[in-house]
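Written out below as structure tokens is the structure these notes cover.
The values are calculated or read from the model by the stated rules, or taken from the named source; none is laboratory data. Source: prediction; values computed, not measured. As a convention, Cβ positions derive from the backbone with ideal geometry for all residues, glycine included, and neighbour counts pool all protein chains shown. Note: areas computed on protein heavy atoms with side chains; ligands, DNA, RNA excluded. Shrake-Rupley method; radii C 1.70, N 1.55, O 1.52, S 1.80 Å.
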Amino acid sequence: MTTNEQAFDRARAILPGGVNSPVRAFGSVGGAPRSYVSATGPYVTDIEGREYVDLVSSWGPAILGHAHPDVIRAVQDAASRGLGFGASTPGETELAELVRDRVGSRLLGKLRLVSTGTEATMTAIRLARGATGRDLLVKFAGHYHGHSDGLLAEAGSGLATLAIPGSAGVPAAVAAQTVVIGYNDLDAVRELFAERGNDIAAVIVEAAAANMGVVPPDAGFNAELTRIAHENGALVILDEVLTGFRVSPSGWWGLDDSYMPDLVTYGKVIGGGLPLAALGGRTEIMDLLAPLGPVYQAGTLSGNPVAVAAGLATLRAADATTYAHLDATAATISAAASAALAAEGVEHTVQHAGNLFSIFFSPTAPRTYAQVKEQQAFRYPPFFHAMLDVGVSLPPSVFEAWFVSAAHDDAAVTRILDALPAAARAAGSATPSA
Ligand SMILES: Cc1ncc(COP(=O)(O)O)c(C=O)c1O
């Protein structure tokens, strides 16, 4: 039998860090990452044949659980008709129409399908610059929008996990086109627009921040931000790559549509587990994209028919019952985690954005990245490993959200709840040097 350690050693000899995406390397929790060979429903199985209840859910896409029969059937059918044509297909139009029906044509006049969330945000920014004739981009500290050059300053996700402020290899001239300000800080927004309002092409904001742990926007934050941006002729790009079709049938904006962003980005759930993402927005802005307009974007695999089939099957199956189950399951697990930590006297808070949640080892709920970083993060690795040892796979970083799925049934949830008291004890006895 190949062990996880052996699989990781072999991977490290050929893949930098043994991985193809940094957080997978277990850098902040230690130990050898599990090497998974299969997944079904709420479970993943590693190379040693051990099964885990999965609370990563492929970092979001597996909203129905792994290998949902409808999705697998749709993928098999599509694959049997050809893996890709580099040309138009009826499915891509159907998916775009389905997304517009779910979100509403008030927000989504038109969409373009791409392959990753990184591409979606990168293209949205180019489009905003093309539409406004301005260069400057505003982002918030702790927000993650993928790994394109201009977006890696003070970003969340892997950069938060690895505690690096930005990436090497980003030209200074590119970095200078992004201004980073504090999240949930409208005074900072007002000040920046007062100083540089005429230079700002767009503000990009996670619809609800979930890449520094889950930090929802303060009530009215997204709306006031949008108002200020529009007052200054700047666009708002609402990044729903993580929240879209997860926190409600139409995403975070579907829970509060009192404001109108100009462009929206989607990823993860929209591709049902295969590489697919999208950007959309008002028709007059979207029509600036080539071939109609002067803003260029293209992709050999854009709108790939197999990925489109997975996305269509996933969105069609994710109905009101699915979202009710996700919300109830997230509430049960987060309440149990909180109770277990409280029983051990571990200072913590749990924050939610719909059914997304995460634990912070701090006594008060953080509203900013600076506050997030103040928590006692050293308590997470022992908590994480205590769960993993008894077959529960949590995100391998305190800065990531926990993802439930429609397949998390009573048996899976019971396994999680049973594991929590010992994990809370491990967190309670952790020391900063441990
Ligand atoms: C909010 C947000 N935007 C963009 C991205 C980038 O998406 P991808 O990893 O598909 O490039 C992510 C990925 O986690 C994300 O959470």
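Laid out as a table, the results:
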{"quantity": "Check on Ala74, more than 30 Å from Asp185 (Cβ to Cβ), open to solvent by less than 50 Å² (accessible area, probe 1.4 Å) and out of contact with any Lys or Arg (no Cβ under 6 Å at 6 or more places or on another chain)", "calculated": "yes"}
{"quantity": "Output for segment 87-106, where each listed residue is assigned to a loop (DSSP other than H, G, I, E, B) and open to solvent by 90 Å² or more (accessible area, probe 1.4 Å)", "calculated": "Ser88, Arg106"}
{"quantity": "Unique residue being in the same structural domain as Thr243 (by TED's automatic domain parsing), of a type in the set (Gly, Ala, Ser) and not in a loop (DSSP other than H, G, I, E, B) when the list is Ala155, Ala160", "calculated": "Ala160"}
{"quantity": "Residues of segment 243-269 satisfying the condition of being within 10 Å of the ligand (Cβ to nearest atom) and in contact with a strand residue (DSSP E or B) (Cβ under 7 Å, 6 or more places away or on another chain)", "calculated": "Thr243, Gly244, Thr265, Tyr266, Gly267"}
{"quantity": "Selection status of Ala298, over 22 Å from Pro61 (Cβ atoms), more than 16 Å from the ligand (Cβ to nearest atom) and either polar (S, T, N, Q) or not assigned by TED's automatic domain parsing to the domain that holds Ser105 (or both)", "calculated": "no"}
{"quantity": "Only listed residue being in contact with a Gly (Cβ under 8 Å, 6 or more places away or on another chain), modelled with pLDDT of 95 or more, open to solvent by 10 Å² or more (accessible area, probe 1.4 Å) and more than 16 Å from the ligand (Cβ to nearest atom), chosen from Gly117, Gly133, Gly84, Gly109", "calculated": "Gly109"}
{"quantity": "The listed residue being assigned to a helix (DSSP H, G or I), more than 20 Å from the chain's Cα centre (by Cα) and under 15 Å from Ile63 (Cα atoms), out of Arg316, Arg379", "calculated": "Arg316"}
{"quantity": "Hits in segment 46-71 - residues which are part of a helix (DSSP H, G or I) and surrounded by 15 or more Cβ atoms within 10 Å (Cβ to Cβ)", "calculated": "Ser57, Ser58, Trp59, Asp70, Val71"}
{"quantity": "Any hit, segment 408-415, residues being polar (S, T, N, Q) and either assigned by TED's automatic domain parsing to the domain that holds Val180 or free of Cβ contacts under 8 Å to residues at least 40 places away in the same chain (or both)", "calculated": "yes"}
{"quantity": "Qualifying position, being more than 16 Å from the ligand (Cβ to nearest atom), more than 30 Å from Met122 (Cα to Cα) and open to solvent by less than 10 Å² (accessible area, probe 1.4 Å), among Ala330, Ala343, Ala335", "calculated": "Ala330"}
{"quantity": "Cβ pairs under 8 Å, 6+ apart, first in segment 32-49 and on the phi > 0 side of the Ramachandran plot, second assigned to a strand (DSSP E or B) and open to solvent by less than 40 Å² (accessible area, probe 1.4 Å)", "calculated": "Gly41/His66"}
{"quantity": "Residue among Val214, Val174 that alone is β-branched (Val, Ile, Thr) and within 22 Å of Thr349 (Cα to Cα)", "calculated": "Val214"}
